[in-house]
Amino acid sequence: MFKRIAVFLSIMIISLACAAFAISAIDKKKQDELYRQVEIFSNALAIIQSDYVDEVKPKDLIYGALKGMASSLDPHTQFLDPESFNELKVETEGKFGGLGIEITIKDSLLTVITPIEDTPAWKAGVKAGDRIVKINNDLTRDMTLIEAVRKMRGKPGEAVQLTILREGEKKLLEIKIVRGIIKIKDIKEARILEDGIGYIRLSEFRESTPKDLNAVLEKLNKQGMSSLVFDLRNNPGGLLDVAVKVTERFVPKGKMVVYTKGRRSNQNLKFLSNEANPIMNLPMVVMINEGSASGSEIVAGCLRDYNRAILLGKKSFGKGSVQTVIPLGDGSALRLTTSKYFTPLGTEIHGKGITPDIVVEEELLARPEDQDSKTLENPQEIFNKMEKTELKKDGFDYKSDNQLIRAVDILKAIKIYGKERKDK
């Protein structure tokens, strides 16, 4: 038994030593420190193998150690066993059985980045910033993201009970959500609102997004679009290269869109606009909120740095790090944070977010025709009346969205100001 342990530990130490020599950035002093810590690890492993009350497989111990090591770095770095690695691959397909929630770990708590629009979680009232305390009575403290996703994802039609801690609420909220098939649609709305003001709501950055965006831009141009509201609220991000392609539609060719910085030179990347015919004469307002993360923060930060758009709404989430998935030999993988995003002018996104030029809190407004003496005394009656009328016609009523109304007013003001300057 001890001989087998000794052989296993020797192989592990030799492997770690080889890995250490392969990393040129580690000097001899750091190598010596690494070897000392490896010795402590190997001693602890040997004691557990020989003295723990139950016999434990070496693979289970190593997997447990790797998960703990990864979780000690940041919420986005994870060790993925083969099953978890396969589940990660499913996430990129854009269709799966689940609740429709983008989650992360923030301040050691499982936190909702944003509910995906028109999914079960969205319809049940889950909000960006909600802290998930329990999933089906299982406490989420010390639960990894992969474990949380596994508990929430499953067979469509089955219910999942979430216990939510929400800022401003005096008690925990119990929300029951029935799983559905999650189909993600990148462009949720594209239309002319009024006075030539176009509106595009982009919910996520997927492979088809650049093509879809070009199609709706062409459609709106034919309808007389003279300015644009680009709505990135509750957009959790997606593919980095797609976020770059979306941004370059509105900035000059050759301009930096975003850059990354890591510890190694090959992690320092610059992403430049390569669009031959960008749209440069279109006044824009970009809308963001606390559910806007990653790719949407890249777009918003770049367009503001070049004075290409006015940002309106609330401070974004602040998810600006790059994860590289590194497959390992037994079918497992390491999802490792290797660099961070920076806007063209050097603003770090990760952990800080993007603060809008104009901060506007979100609230539901009543349309003028709904404001009679009776309903003014009870705001809830206004919302109920709106639900039964305009919102039910096509699911979209921008005049009840105070942030969107402010964006429209800004573009109207820009148009009036430009006309006055032209007439002088």
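The values are calculated or read from the model by the stated rules, or taken from the named source; none is laboratory data. This one's a predicted model, so the numbers in the text were calculated from it and none came from an experiment. Positions of Cβ are generated from backbone atoms using ideal geometry, with glycine treated the same way; all protein chains shown enter the neighbour counts.
Observations on the structure shown:
- In segment 333-390, the residue that is modelled with the highest pLDDT out of those that are buried (at least 17 other Cβ atoms within 10 Å of the Cβ) and of a type in the set (D, E, K, R) is 340.
- Filter pass, residue 79 being in contact with a helix residue (DSSP H, G or I) (Cβ under 9 Å, 6 or more places away or on another chain) and at pLDDT below 85: no
- Matching residues in segment 204-250 - criterion: being touching a Leu at 6+ places or on another chain (Cβ under 9 Å), within 19 Å of residue 398 (Cα to Cα) and not in a helix (DSSP H, G or I): 225, 226, 227, 228, 229, 230, 231, 232, 235
- Residue check, residue 207 surrounded by fewer than 17 Cβ atoms within 10 Å (Cβ to Cβ) and either more than 25 Å from residue 291 (Cβ to Cβ) or touching a His at 6+ places or on another chain (Cβ under 7 Å) (or both): no
- Against the numbered list (1) surrounded by 13 or more Cβ atoms within 10 Å (Cβ to Cβ); (2) within 30 Å of residue 73 (Cβ to Cβ); (3) among the polar types (S, T, N, Q), residue 268 comes up short only at (1).
- Residue match in segment 305-322 (condition: surrounded by 16 or more Cβ atoms within 10 Å (Cβ to Cβ), modelled with pLDDT under 95 and of a type in the set (Val, Ile, Thr)): yes
- Residue within segment 180-188 that is within 27 Å of residue 208 (Cα to Cα), touching a Phe, Trp or Tyr at 6+ places or on another chain (Cβ under 9 Å) and β-branched (Val, Ile, Thr) present: yes
- Selected residue (criterion: nearest to the chain's Cα centre (by Cα)) from residues of segment 272-300 that are closer than 17 Å to residue 228 by Cα and buried (at least 24 other Cβ atoms within 10 Å of the Cβ): 296
- On the stretch given as segment 133-147, residues that are in contact (Cβ under 8 Å) with a residue 40 or more places away in the chain and touching a Ser or Thr at 6+ places or on another chain (Cβ under 6 Å) total 1.
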